1. Within the set of pairs 6+ apart or on separate chains, which have a first residue in the stretch 196-209 that is under 14 Å from ASN280 (Cβ atoms), a second that is of a type in the set (Asp, Glu), and C-beta atoms under 7 Å apart?
2. Suppose the filter is closer than 23 Å to GLU158 by Cβ, more than 16 Å from ligand 1 (Cβ to nearest atom) and surrounded by fewer than 23 Cβ atoms within 10 Å (Cβ to Cβ); does LYS180 pass it?
3. Which of the following residues is of a type outside the set (Val, Ile, Thr) and more than 27 Å from HIS219 (Cβ to Cβ): ALA40, ALA70?
4. Can you confirm whether ASP323 is within 16 Å of ligand 1 (Cβ to nearest atom), among the acidic types (Asp, Glu) and under 23 Å from GLY64 (Cα atoms)?
5. When the stretch 59-96 is examined, which residues are found to be part of a loop (DSSP other than H, G, I, E, B) and away from ligand 2 (no atom under 15 Å from the Cβ)?
6. Touching a residue at least 12 places away in the same chain (Cβ under 8 Å) and surrounded by fewer than 22 Cβ atoms within 10 Å (Cβ to Cβ), is that true of HIS225?
7. Among what's in the stretch 44-58 and is in a loop (DSSP other than H, G, I, E, B) and of a type in the set (Asp, Glu), pick the residue that is nearest to ligand 2 (Cβ to nearest atom).
8. If I ask for residues that are among the charged types (D, E, K, R) and not in a helix (DSSP H, G or I), which ones from the stretch 108-164 would you list?
Amino acid sequence: MADLHTATERLNLNGFLDLEIDPTLDLVEEINRLKREKNAIILAHYYQDSDIQDIADYIGDSLGLSQKAASTDADIIVFAGVHFMAETAKMLSPGKKVLLPDLKAGCSLADSCPPALFKKFKEKHPDHLVVSYINCTAELKTLTDICCTSTNALAIIESIPKDQPIIFAPDKNLGAYLIKKTGRDMILWNGACMVHEIFSHERIVKLRQRHPNAKFIAHPECEAHILDMADYIGSTTGLLKYTINDSATEFIVATEAGILHQMEKASPHKTFIPAPPENNCACNDCPHMKRNTLEKLYLCMKYELPEIILPEWVIAQGRASIDRMLEISEKAGLIAG
Ligand code: 13P
Ligand code: SF4
């Protein structure tokens, strides 16, 4: 265990267990063995690398993942996603051990809304109800009345009486899309996702000219000038379902590129083209989501580190906003399979 001791010290700096792995190990076999031995469940977001998606017990969008985290009877939840998702799982299942392969798998949207600043902002609008996109820190959830995800955001806003003023945080793009869809005049926090703000209008237009039969589909975290071009706008699950049910055989996809793995698996005869970013970088790969690797997943399951620990007051005060979201989703029939 000497190497674990050294690695745990390094965990503080790197955010993950930095240990050598025997190169002859079959990691997939080992992870499956650890799952059985420890009664662990692996929950993976669609934006994870395909090898992680393929070993997961459940793959889904933010809503599906939180519903699964709330209902699982596993002893350990291994979250192949980003920090706010693992925190949400911990808030929903505080008695379970929640592991995240890399603690530095953060989120630019969550980072764009520091709780201390938001608290001051909220104090200026005391009569407003706070709806926060689930892509925010656990502490921000303590300042939130109702959470939402991209799947249920519309249903959540529509469940609120029309005369009730709303602050929507932290995603200004999703917020602007909801204002357009609902006609509600919400106050928006000025946050955004670094991945969904990178798409190039000009390059998408050119790509569509070269693929005139392709449908252009986009996640609502994209900017309005990108959404205005879309044939369909939806959450990752919505986009996946659309590609399965629509008769088109070509799709240009404006969201994180990890979702293409499930699209290709579900419709092997169809072609999926990632929407081009502003330059030739791989910017539609989320650098936070992609911090998780099969190696880190294996080590985290073996040593049960890094673990998500939250102060009790954060769980006590933040959980209500997620529970309200889950209740409204259930009433609206938005239950992931
Ligand atoms: P959904 O999982 O709700 O589609 O949101 C995508 C996302 O950005 C998660 O980080
Ligand atoms: Fe956050 Fe954007 Fe990455 Fe999702 S894709 S985790 S919103 S930075």
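The values are calculated or read from the model by the stated rules, or taken from the named source; none is laboratory data. Just so it is clear, the structure is predicted and the values come from calculations on it, not from any experiment. Neighbour counts are summed over all protein chains in view; Cβ atoms, including those assigned to glycine, are modelled from backbone coordinates with ideal geometry.
1. Partner pairs satisfying both residue conditions: ILE198/GLU278; SER200/GLU278.
2. Values: closer than 23 Å to GLU158 by Cβ: yes; more than 16 Å from ligand 1 (Cβ to nearest atom): yes; surrounded by fewer than 23 Cβ atoms within 10 Å (Cβ to Cβ): yes.
Yes; evaluated as a whole, the condition is true for this residue.
3. On the way: ALA70 fails: more than 27 Å from HIS219 (Cβ to Cβ).
It is ALA40.
4. Details: within 16 Å of ligand 1 (Cβ to nearest atom): no; among the acidic types (Asp, Glu): yes; under 23 Å from GLY64 (Cα atoms): yes.
Spelling it out, it is not the case that ASP323 is within 16 Å of ligand 1 (Cβ to nearest atom), among the acidic types (Asp, Glu) and under 23 Å from GLY64 (Cα atoms).
5. Step one: of the stretch 59-96, the residues part of a loop (DSSP other than H, G, I, E, B) are 61, 72-75, 81-82, 93-96.
Hits for the stretch 59-96 are THR72, ASP73, ALA74, ASP75, SER93, PRO94, GLY95, LYS96.
6. Working: touching a residue at least 12 places away in the same chain (Cβ under 8 Å): yes; surrounded by fewer than 22 Cβ atoms within 10 Å (Cβ to Cβ): yes.
Yes; evaluated as a whole, the condition is true for this residue.
7. Within the stretch 44-58, the subset in a loop (DSSP other than H, G, I, E, B) is 46-49, 56-57.
If we keep only those that are of a type in the set (Asp, Glu) as well, we get 49, 57.
Working: ASP49: 13, ASP57: 21 Å.
Restricting to residues being in a loop (DSSP other than H, G, I, E, B) and of a type in the set (Asp, Glu), the top hit is ASP49.
8. Filtering the stretch 108-164 for residues among the charged types (D, E, K, R) gives 111, 119-120, 122-124, 127, 139, 141, 145, 158, 162-163.
Listed by number, the residues that qualify are LYS124, ASP127, ASP145, LYS162, ASP163.
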